[in-house]
Every structure is written in structure tokens, then in C-alpha cells.
1. Against the condition more than 30 Å from ASP177 (Cβ to Cβ) and modelled with pLDDT of 80 or more, how does THR82 come out, does it pass?
2. Of (1) assigned by TED's automatic domain parsing to the domain that holds LEU60; (2) free of Cβ contacts under 8 Å to residues at least 12 places away in the same chain, LYS421 satisfies all except one. Which?
3. If a residue must be among the polar types (S, T, N, Q) and either surrounded by fewer than 20 Cβ atoms within 10 Å (Cβ to Cβ) or more than 19 Å from ASP207 (Cα to Cα) (or both), how many such residues does the range 251-289 contain?
4. Identify the residue in the range 99-114 that is more than 18 Å from LEU199 (Cα to Cα) and of a type in the set (Phe, Trp, Tyr) and, among all such residues, is nearest to the chain's Cα centre (by Cα).
5. Identify, from the list LYS292, LYS248, the residue that is surrounded by 22 or more Cβ atoms within 10 Å (Cβ to Cβ) and not aliphatic (A, V, I, L, M).
6. Consider the range 370-388. How many of its residues are among the aliphatic types (A, V, I, L, M) and either farther than 17 Å from PHE217 by Cβ or modelled with pLDDT under 95 (or both)?
7. Restricting to the range 109-123, and then to whatever is out of contact with any Leu (no Cβ under 8 Å at 6 or more places or on another chain) and farther than 26 Å from THR205 by Cα, can you tell me which residue is surrounded by the fewest Cβ atoms within 10 Å (Cβ to Cβ)?
8. So which residues in the range 232-268 are modelled with pLDDT of 95 or more and either outside the structural domain of THR419 (by TED's automatic domain parsing) or among the charged types (D, E, K, R) (or both), if there are any at all?
Amino acid sequence: MEILAAAELLIPKLGEAKLHTEQTLGHKVESIRDEDKILFHRHIADLHRYSKDPDALPLLELAGPRHKLFFNPSQTRLGIVTCGGLCPGINTIIRSIVFTAYQYYGVEAVYGFRYGYSGLNPKVGLPPLKLDLDSVDNIHALGGTILGSSRGPQDAKVMVDYLEKLGINILFVVGGDGTMRGALDLAKEIAKRQLTIALVGVPKTIDNDIAFIERSFGFESAVEEATRIIAAAHMEAKGAVNGIGLVKLMGRESGFIAANATLASCVVNFCLIPEAPFKLEKFLQDLERRIKKRHHAVIVVAEGAGQDLLPDSKSTFDKSGNKRLNDIGAFLKNEIVKYFTQKNLEANVRYIDPSYAIRSVAPTGDDNVFCLMLGQSAVHAAMSGRTAMIVGYRNDHFIHLPMTLVTRFRKKLEINGRTWKTVLDTTGQVDYK
């Protein structure tokens, strides 16, 4: 369990919020008080650590509308930028921000910066789109992002210059941990210039691996789509002599999608994830026993699993700073074919890599609800003058977290936890170490 000091959860602010919401907006608002907080920890054993110093107990700010605003809505311009890989629900986030900004607050304008951080560099990017209610009305039913996306940073000084030139008061950044590190650079440059520009992040990771939050948007949609792919692999496996359906899913460092899709499908016999290293020979022997007994098998492997088994290669990195992975799916397919050939056993491997198809699907209904509330929470936080923070979900509440926290590390599936134990029980696989 993470050990945090109370001070680490304090949210930076641009200054004192002085505008009374009801007077400014002209309607009654059910607001959340700043002192309304929840416990960071859930278990009593974690709380016992603070019994001698209750003031050190880490508490989380609740997300939601505030009684006082920092920005005057009618004089406020908002910007939105989406970065990194695609993920179900990005468009719903955009729509929620735009609708909340116009309908709830009545802001002056909302701009969408195109193709990630490059859209904040006028020398390399396209001009921003001015977003209104009509232009985003139906985008929640679409996959992808109407703003486009890209990987890689831009010079913080150039981006802040552009924000100043356009008169942007609030920037919403939708992206993963690499994107948030770029946002922190932006926040530092803004603070250095003593500008009143709020920066609020909406964490985006289809792998559900953002630190300190329990659920990231798009994850549920990814699991649902992956489950359909696994069902197809199962049918392919059963339709062939000694058929083996092999599905590679997303999960660079964390196996949340692979594990949850395994449980949802109920047909997977082997689930391989980055957090649980395995010995290839033991795995292949168990696969052979399965084929001899049932004549078909389904394997789900996360993209980051088994990287230690592949031939060494010089490490390279993508524009987001992520290490490029070797293709564990293709490797396993070749090793399975080779192993069964040596055993003089027929095996028909059907290898499916649906990663891009899964990333681009439209969100489920529940993910749409989740994205709607995340977008609203982001706007409420920004209008109150909070900055260098993200909105997230923890302990059954939408909350605020400092942006510095979510860039510390990536969340991983606990191999001694209930989810992974249930995977082992459901598949019947053993520890392949």
C-alpha cells in the first residue's frame, strides 16, 4: 500500500477564489466545501499507522462544483488537448468539458488543440478548432478523438507563448503519464511567468495503470471488446484439429486488461501478464497436456509479458518515452509451432492481435457515464482556480490529485491479490516460474 504524507495530497491553486458561484451564474448551485474530504486509505490496518499523529492522515479533496470561483466565466477561454494513443471515451470527455463549460458556467469560448502537443506549437501544428455545443453534440457515440492525437513533447516556452497569445485561461490535458509529465513542464513555465492559467489533467490509459486511481476511462470498453475477440479465438480453436487461439492484448507493464478479459470470457486456459514472469518450457509442457486432453486451448498474453524470453535487442523508445517492446505474440506463436513440430503433434495456431481495433471502439454506456462525470469534475476544479492536478476516481468518489503523484510510477496488478488469484483458479494454470 502506498504511504503518503498529508501534504503530498494538497492541490495547488492559482489564488483565492472570490466570486460567489450563485451570484456569478445566476442560479442555485449545490456546491462542495473544500473541507469535504475522504480518506486516501480504505483498510483499517493502513489507518493504524496514523493513530499517533492524526494530522498526518492523508485525505483527498472531493471533486465537484465549488461555492466560489476564481475565474469569471464570461471572460474565460478554455482549451482542450488530447495526447498519446487512442482510447474509448476521449470524445465523451471532450463533449463533457464543452457542455459543462457553456451550459453550466457560460464561458466565453472553448478551443480544441489538434494532434496533441503539436497543436500548441503554431510552427508545426494546425490551428485550433473553436468548439461549441453543436460541434460536439453527438461525438460521445464515436471512437477516437475529433481533435486528433500524437505522441511526443513540444517546447514548454513555445506552448505557453501560444496559450498567452490566444488568451487561454484554462487548459485541459487528456493523456497518460508521459502526457502528464509534459503538462507538469507547462505548469512550471506558467508558474515561472506568474500567469493565471489553470492546468487540469484527465488521466487517459487504456491499460488502467495510472498510479493512485482505481479506474481509468476506456478500460471497461477495452475489456468488453477484448472479450468478444477472445470468444472468436475460442471458436477458431475449437474448429481446428488441436486448435490454439492466441490473443495478444494491451498491457505494457500491467496486465489489467488481459486478466479482466480472461475472467469475463470464461474460456481462457492460459493468461500471461508482465507482473507474473513465466518459464517458456513449463508453459509449453502444460499447453501440450491441455491439447492432448481437450484438443483445443485459448491463450491470452499481454504485450509486455515475457519480454525476458525474447532475443536481446537494443532498447529504443517511442516519442512518448515508452520502451519499444518485442512482439511476444509472434514469438509465442513461433515457439508453440516449433515445440509441437518437435513432438510430432499437430497444432493449428490462430494468432490475433486486435490492439488498434480495441483502442478505437466507441465507449460502453457505463464508460460514457464515467467520462461525463470526469469531464464535469475537471471543469469544476479548473474554474475554482485549481491547477497542476488531475481528476480521478478512488474509494467510490471522484477526487482531485496533484499531477506530481500520477507521474511517479505505473500501477500494476497485484499477483497476490484477489483478481490474479481468481484468474489462476478460473484458468487452472499454474505458476510457470
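1. Working: more than 30 Å from ASP177 (Cβ to Cβ): no; modelled with pLDDT of 80 or more: yes.
So THR82 does not fit the description; no.
2. (1)
3. So the count comes out to 2.
4. Taking the range 99-114 first, the residues more than 18 Å from LEU199 (Cα to Cα) are 99, 102-104, 106.
Pick out the ones that are also of a type in the set (Phe, Trp, Tyr) and you get 99, 102, 104.
Working: PHE99: 22, TYR102: 26, TYR104: 26 Å.
So, considering only residues that are more than 18 Å from LEU199 (Cα to Cα) and of a type in the set (Phe, Trp, Tyr), the one nearest to the chain's Cα centre (by Cα) is PHE99.
5. Values: LYS292 fails: surrounded by 22 or more Cβ atoms within 10 Å (Cβ to Cβ).
It is LYS248.
6. We begin by selecting, within the range 370-388, every residue among the aliphatic types (A, V, I, L, M); these are 372-374, 378-379, 381-383, 388.
From what's left, either farther than 17 Å from PHE217 by Cβ or modelled with pLDDT under 95 (or both): 382-383, 388.
Qualifying residue count for the region: 3.
7. Checked the range 109-123; the qualifying residue surrounded by the fewest Cβ atoms within 10 Å (Cβ to Cβ) is LYS123.
8. GLU236, LYS238, LYS248
The values are calculated or read from the model by the stated rules, or taken from the named source; none is laboratory data. The shown structure was predicted, so the numbers you read here are calculated from the model rather than taken from an experiment. Cβ atoms come from the backbone with ideal geometry, glycine included; neighbour counts cover every protein chain shown.
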